[in-house]
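A short worksheet on the structure shown next.
The values are calculated or read from the model by the stated rules, or taken from the named source; none is laboratory data. In this text, all values refer to a predicted model and were calculated from it rather than measured experimentally. Cβ coordinates were reconstructed from backbone atoms using ideal geometry, including for glycine residues, and neighbour counts include every protein chain displayed.
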Amino acid sequence: MTQENKFLNEDTKSQEAEILAWLQTGKPITPEDAIKKMKNTCYRLGARIFNLKEQGHNIRTEMVQHINKVTGAKKRFARYWLNKPGELFDK
């Protein structure tokens, strides 16, 4: 493993830990939250969520469409939640 890859893995793990802590508060997280509100800015939220799901965390995904009120432009993004115990996994 190169020195650069070692730092990438450490960044990835700290981002995953911060995302999981955020989700454990019961709040959903969006890519905008991951960029603007997290200490360890995360530009690849979907990849971090994928990793957390692979680790066995029960995370739900909802695709949201937002329409800009001024321009009418449509934007789609994912919103993620940590499911409560007993809720089904998101596929």
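Quick one: is K36 of a type in the set (K, R), under 13 Å from the mean Cα position of the chain (by Cα) and loosely packed, with under 12 Cβ neighbours inside 10 Å?
On the way: of a type in the set (K, R): yes; under 13 Å from the mean Cα position of the chain (by Cα): yes; loosely packed, with under 12 Cβ neighbours inside 10 Å: yes.
The answer is yes for K36.
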From the set of residues in the range 16-34 that are outside any loop (DSSP other than H, G, I, E, B) and among the small types (G, A, S), which is nearest to E62 (Cα to Cα)?
A34
Contact list, first residue from the range 1-16 and of a type in the set (A, V, I, L, M), second anywhere and at pLDDT 55 or above and in a helix (DSSP H, G or I), beta-carbon distance below 8 Å, six or more apart or interchain, is M1/N9
Which members of the range 39-59 meet the condition of being exposed (fewer than 12 other Cβ atoms within 10 Å of the Cβ), more than 12 Å from the chain's Cα centre (by Cα) and in a loop (DSSP other than H, G, I, E, B)?
K39, Q55, G56
Kindly indicate whether any position in the range 45-59 is out of contact with any His (no Cβ under 7 Å at 6 or more places or on another chain) and at pLDDT below 90.
no
